[in-house]
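The values are calculated or read from the model by the stated rules, or taken from the named source; none is laboratory data. Nothing here was measured: the structure is a model prediction, and the numbers come from that model. Quick reminder, even Gly has a Cβ in these numbers, built from the backbone with ideal geometry, and neighbours come from all protein chains shown. These area figures cover heavy atoms from the full protein model, side chains too; ligands, DNA and RNA do not enter into them. Shrake-Rupley method; radii C 1.70, N 1.55, O 1.52, S 1.80 Å.
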Amino acid sequence: MARTLRRGTMRLKHRIVAAIDATDVAHARSVGRALADRVDALKVNWPLVLAAGPSIVKEFAASAYVLCDFKIADIPNTNRLIVEQAVALGASGVICHAFAGEDSVRACVEAAKEAEVFVVTEMSHPGGQEFTAKHAEEFARLAVRAGAAGIIAPATRPERVRILRGIVGNRLILSPGVGAQGGKPADAIRAGADAVIVGRALYEAADPAKAATEIEAEIRNR
Ligand code: O7M
């Protein structure tokens, strides 16, 4: 039986967003199926969309909250067009960059309608300290002003998550950089993240469902 698209606000039951960046489409599908009920969202980025085609968003949206991580960073009109396409495919959330400016972020929020917009602040990799870290607080304030649902902040630097939490109040904070990039889920959550974003530690695991359960337990027992 075909399941209807489930759109709405992210429910933080597991406090995990799975980044399905696998480019072996059969594997990505199988990981998506295994994790749909064990994480709060499936995050889809360019590697999988380029490998599988945009219809993968629709496919995942039949059983999960799909967060389209296209790191949208263009002029307002182009941002609007991208968000409209992602939402039409079934995305419940989209991710944009702040550096393109407030008008560009606002265009995403307006086009998203009932879908949620998350704004990247400081990036989790070493290069994230070169430019994004210097403006992360401004990006977080911009996200709040523009009416975003939340921000993306680095699990690799929990002390930065704590500072950004002080700026965004009760907006959501999703933290990537757990596992393969060295961050610890419990540290990010203790610092104020609502959920961690986990890619390779889940989709490269021998048993992704078991790996998700273990991360959830680590968060619960922090
Ligand atoms: O757990 P990994 O390292 O295999 O994957 C992390 C995922 O989070 C991957 O999809 C990245 O594109 C994403 N990500 C970061 O790793 N760092 C960031 O600063 C931001 C993101 C992200 O999700 O931005 C929205």
Looking at region 1-20, which of its residues are within 16 Å of the ligand (Cβ to nearest atom) and either modelled with pLDDT of 95 or more or on the phi > 0 side of the Ramachandran plot (or both)?
His14, Arg15, Ile16, Val17, Ala18, Ala19, Ile20
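Determine whether Gly32 is in contact with a Phe, Trp or Tyr (Cβ under 7 Å, 6 or more places away or on another chain), over 18 Å from Ile151 (Cα atoms) and at pLDDT 95 or above. Before you say what the answer is, go through the steps one by one.
Values: in contact with a Phe, Trp or Tyr (Cβ under 7 Å, 6 or more places away or on another chain): yes; over 18 Å from Ile151 (Cα atoms): yes; at pLDDT 95 or above: yes.
For Gly32, the condition - in contact with a Phe, Trp or Tyr (Cβ under 7 Å, 6 or more places away or on another chain), over 18 Å from Ile151 (Cα atoms) and at pLDDT 95 or above - is met.
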Scan region 154-164 for residues that are farther than 16 Å from Ala41 by Cβ and either among the hydroxyl-bearing types (Ser, Thr, Tyr) or within 14 Å of the ligand (Cβ to nearest atom) (or both) and jot them down.
Pro154, Thr156, Arg157, Pro158, Arg160, Val161, Leu164
Counting only residues that are closer than 21 Å to Val94 by Cβ and either more than 16 Å from the ligand (Cβ to nearest atom) or in contact with a Cys (Cβ under 6 Å, 6 or more places away or on another chain) (or both), how many does region 21-43 have?
1
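Is it the case that some residue within region 91-105 is of a type in the set (D, E, K, R) and open to solvent by 30 Å² or more (accessible area, probe 1.4 Å)? Steps first, please.
Narrowing region 91-105 to residues of a type in the set (D, E, K, R): 102-103.
Filter again for open to solvent by 30 Å² or more (accessible area, probe 1.4 Å), leaving 102-103.
Yes: one or more hits.
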Just one of (1) under 15 Å from the mean Cα position of the chain (by Cα); (2) within 12 Å of the ligand (Cβ to nearest atom) trips up Ser92, so point out which.
(2)
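Looking at Ala146, Ala136, which is the one that is touching a residue at least 40 places away in the same chain (Cβ under 8 Å), crowded, with 16+ Cβ neighbours inside 10 Å and over 16 Å from Asp69 (Cβ atoms)? Outline the logic, then answer.
Values: Ala136 fails: touching a residue at least 40 places away in the same chain (Cβ under 8 Å).
Sole residue among the options that is touching a residue at least 40 places away in the same chain (Cβ under 8 Å), crowded, with 16+ Cβ neighbours inside 10 Å and over 16 Å from Asp69 (Cβ atoms): Ala146.
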Looking at Ala73, Ala64, Ala41, Ala36, which is the one that is within 22 Å of Val196 (Cα to Cα), among the small types (Gly, Ala, Ser), surrounded by fewer than 20 Cβ atoms within 10 Å (Cβ to Cβ) and within 16 Å of the chain's Cα centre (by Cα)?
Ala36
Before we move on, is Asp21 assigned to a loop (DSSP other than H, G, I, E, B), surrounded by 14 or more Cβ atoms within 10 Å (Cβ to Cβ) and of a type in the set (Asp, Glu)?
yes
Please work out which residue is least open to solvent (accessible area, probe 1.4 Å), limiting yourself to region 165-222 and to residues that are within 15 Å of the ligand (Cβ to nearest atom) and at positive phi.
Gly177
List pairs: first residue in region 84-96 and on the phi > 0 side of the Ramachandran plot, second residue open to solvent by less than 40 Å² (accessible area, probe 1.4 Å) anywhere in the structure, Cβ distance under 8 angstrom, at least six positions apart or on different chains.
Gly90/Val57; Gly90/Phe60; Gly90/Ala61; Gly90/Ala62; Gly90/Val66
